[in-house]
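I have placed the structure first, in the form of structure tokens, so that the comments after it can refer back to it.
The values are calculated or read from the model by the stated rules, or taken from the named source; none is laboratory data. Predicted model only: the values in this text are computed from it and were never measured. Cβ: placed from backbone, ideal geometry, glycine included. Neighbour counts: every protein chain shown. Accessible surface areas use protein heavy atoms only, side chains included; no ligands, DNA or RNA. Shrake-Rupley method; radii C 1.70, N 1.55, O 1.52, S 1.80 Å.
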Amino acid sequence: MDAAVLLHPRTMEPVMPRYFFDLLEGDILAVDEEGLELSSLRAVQAGAAKSLADMARDAVHSFPPATGQHNMAIEVRDVCGPLMQVKFSFEVERLRA
């Protein structure tokens, strides 16, 4: 499913919709104030998944080392409100010190 074509109200030229990618890690929310113009919902989903993969990689390589349950998500919204949420959860359990 692709995004609907938006038209500029004065020029009637096509305008790409703007999507905002809010980052949620545990109880911490980082709100995206700028957003990105993307041409399709497929591009939105791919961008959210890539951002989430980057967050997970950073958490695994953090110091001190990440242990326990980790929940993170990218909440995507547009001018009309929430659009999709991409979630990732992982757990690090040390078996030896």
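Using every pair of distinct Cα positions in the range 42-97, the Kirkwood expression returns a hydrodynamic radius of 12.7 angstrom.
Sort Glu91, Glu25 by accessible area with a 1.4 Å probe, largest first. Numbers along the way, then the final one.
Details: Glu91 120, Glu25 80 Å².
The most accessible residue leads, giving Glu91, Glu25.
Ranked from largest to smallest solvent-accessible area, with a 1.4 Å probe on the protein heavy atoms, His61, His70 come out as His61, His70. Computed over every Cα-Cα pair of the chain and binned at 10 Å starting from 0, the pair-distance distribution P(r) comes out as 14, 40, 25, 13, 6, 2, 0 percent.
Let me check something: with ligands and nucleic acids excluded, how do Lys50, Lys87 order by accessible area (1.4 Å probe), largest to smallest?
On the way: Lys50 125, Lys87 150 Å².
Accessible-area ranking of Lys50, Lys87, largest first: Lys87, Lys50.
Helix 41-60 and the long axis of the chain differ in direction by around 20°, with both axes built from C-alpha atoms. At the residue level, Thr11 shows approximately 80 square angstrom of accessible surface with a 1.4 angstrom probe and all protein chains present.
What 222 nm value per residue comes from the helices of the chain, counting each DSSP H run with n ≥ 4 as -39,500 (n - 2.57) and dividing by all residues, nearest 500 deg cm²/dmol?
That calculation yields -7000 deg cm²/dmol at 222 nm.
Positive-end ranking of Tyr19, Pro82, Met72 along the dipole of the chain, with charges on Cβ about the Cα centre, is headed by Met72. With the whole protein complex present, Arg77 retains an accessible surface near 70 Å², based on a 1.4 Å probe. Annotation for the range 26-55: GluC sites (Glu not before Pro) lying in DSSP loop with at most 13 further Cβ atoms inside 10 Å of their Cβ are Glu33, Glu34. Amide H contacts under 5 Å for Gly35: Phe21, restricted to partners 5 or more places along the chain or on a different chain, H placed in the peptide plane at 1.01 Å from N. Solvent-accessible surface (1.4 Å probe) assigned to Ser89 amounts to roughly 60 Å².
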